[in-house]
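Contents: one structure, followed by commentary.
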Amino acid sequence: MTTNPTADSDAARPEAIGLARLADMLRAEAANGLYWGCDLGEEARLRALREHAAALLAEVDHRSYEEISAVFANDSGLRTPIPGTEFRIDCGDGTRLVHRRRFRADTLAQRLEATAAALGADVPAEPVAIADTDLADLPCPHTYLLVYEFTTDLDADAAEKLLEPADPDLDGDLPTFAPAASAVERERGPLRVSPAAKAILDAVAATAQTSLAEATSPYSVERHHRVAAHCERTVAADLAYPRIDCGDLAAYGVPTGADAAVFDDEGRVLVIKRTDTGQWAVPGGGAEVGEPVALAAVREAFEETGLEVALTGLSWAFDKRDTDLGDSRMPMIMSFTAVQTRPGQAIRLAPLEASDHRWMTEAEAADADLFRGHELRVPVAFARNRTER
């Protein structure tokens, strides 16, 4: 009996993409832990985790472990899903261009205005949808795209020449979701991994257990519980991976957070009193690699208040770089509006995050001491909620 190794490895392409996704998540856990700071023992373990993530990716990517490790070693900021744009441009010749590009140094407002000016088009007021490479099983670093529509009198050839180069690793069939429907959670069974990958993951799991035994920070404990859970959701299998292109591993990433302005039937918004500054804020926090940004808003609302919520819209794709806030840690915030899915559910605050909560009217919020940036986003959320009621 003869076998076809190429056919066997091609059959394992979904598992190869799954391993690339897992490596991306572990890379982010290492980078974020190093960014926030830790003791020397934890730093060594996080650096080891980063190397293990590079080794996992080298099992499937066409680049060597040394090349991948060198890229990962340059991680210096927070790693979240990477923001970008998908521009759908309806041209004068009847062609629709689709242009996808991550952000570089340009801000969201700058990109929209520059593109509209080049095309002789109006600046779109808001995104019509959100696309996500993780939901599409693209093996590139996790990227989400704000989808905007333009109309131009130019033909497609002329329009395309005016655009910055697109990112080729974002090519593919990307499903898009209306913002209110974009908190999509895919059912994923255990990931089948090769024996070599399983050996690496066993080392990752052992390191996570050491960190759980020695960590003093509750955030480090949370991180390593996540890492251990990722390892547990794998199972060894006799498979051979194909070599795949996992995209631009050095892609510039603007760290992204998400928040949820939860409104009640009286049109009041739920705010929590932050334990770090004593100011009021809507629930929110950093998005995690491997989850859609809308799902991050739902998760943060539950973690910080205990409430199960459903999103009703995106009130603002908020790029702090377009303001004078000067916060470089989390420059991009996806601000959603939401409602409770279980009216009457008791609020359960996360003690590390919040010391109190209130349901505020618009007038009360205008006079409240809001956390930086919320004085801009909360009024917009109220305006959005009025249109959704």
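The values are calculated or read from the model by the stated rules, or taken from the named source; none is laboratory data. Given the structure is predicted, the values throughout are model-derived calculations rather than measurements. Virtual Cβ from ideal backbone geometry, glycine too; neighbours counted across all protein chains shown. Side chains included, ligands, DNA and RNA excluded: accessible areas come from the protein's heavy atoms. Shrake-Rupley method; radii C 1.70, N 1.55, O 1.52, S 1.80 Å.
Restricting to region 344-363, name every residue that is part of a loop (DSSP other than H, G, I, E, B) and in contact (Cβ under 8 Å) with a residue 24 or more places away in the chain. Break it down stepwise before answering.
So the first thing to find is which residues in region 344-363 are part of a loop (DSSP other than H, G, I, E, B), and the list is 344-353, 361.
Residues satisfying the conditions are 345, 346, 347, 348, 349, 350, 351, 352, 353, 361.
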Every residue from region 13-69 that is more than 21 Å from the chain's Cα centre (by Cα), over 20 Å from residue 212 (Cα atoms), part of a helix (DSSP H, G or I) and of a type in the set (Lys, Arg): 13
Contacts under 6 angstrom Cβ, first residue in region 112-132 being among the hydrophobic types (A, V, I, L, M, F, W, C), partner assigned to a loop (DSSP other than H, G, I, E, B), 6 or more apart: 112/123; 116/123; 118/162; 119/152; 121/152; 129/178; 130/182; 131/174
Out of 111, 88, 101, sole residue that is surrounded by 15 or more Cβ atoms within 10 Å (Cβ to Cβ) and either closer than 28 Å to residue 188 by Cα or acidic (Asp, Glu) (or both): 101
Where residue 340 falls short, out of the listed (1) open to solvent by 50 Å² or more (accessible area, probe 1.4 Å); (2) in contact with a Leu (Cβ under 7 Å, 6 or more places away or on another chain): (1)
Filter pass, residue 173 being under 26 Å from residue 21 (Cβ atoms) and either free of Cβ contacts under 8 Å to residues at least 24 places away in the same chain or open to solvent by 40 Å² or more (accessible area, probe 1.4 Å) (or both): yes
Residue 139 crowded, with 16+ Cβ neighbours inside 10 Å, touching a Leu at 6+ places or on another chain (Cβ under 7 Å) and outside any strand (DSSP E or B): no
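Table: residues versus (1) out of contact with any helix residue (DSSP H, G or I) (no Cβ under 7 Å at 6 or more places or on another chain); (2) within 16 Å of residue 358 (Cβ to Cβ); (3) open to solvent by 60 Å² or more (accessible area, probe 1.4 Å); (4) assigned to a loop (DSSP other than H, G, I, E, B).
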| residue | (1), (2), (3), (4) |
| --- | --- |
| 212 | no, no, no, no |
| 230 | no, no, no, no |
| 248 | no, no, yes, yes |
| 253 | yes, no, no, yes |
| 257 | yes, no, no, no |
| 272 | no, yes, no, no |
| 278 | yes, yes, no, yes |
Condition met for residue 369 (touching a Gly at 6+ places or on another chain (Cβ under 9 Å), open to solvent by 70 Å² or more (accessible area, probe 1.4 Å) and acidic (Asp, Glu)): yes
Pair list, Cβ < 7 Å and 6+ apart or interchain, from region 294-310 residues that are more than 11 Å from residue 284 (Cα to Cα) to residues that are open to solvent by 30 Å² or more (accessible area, probe 1.4 Å) and in a helix (DSSP H, G or I): 308/302; 309/298
Among (1) surrounded by fewer than 21 Cβ atoms within 10 Å (Cβ to Cβ); (2) more than 23 Å from residue 319 (Cα to Cα); (3) at pLDDT 95 or above - the single one residue 219 does not satisfy: (3)
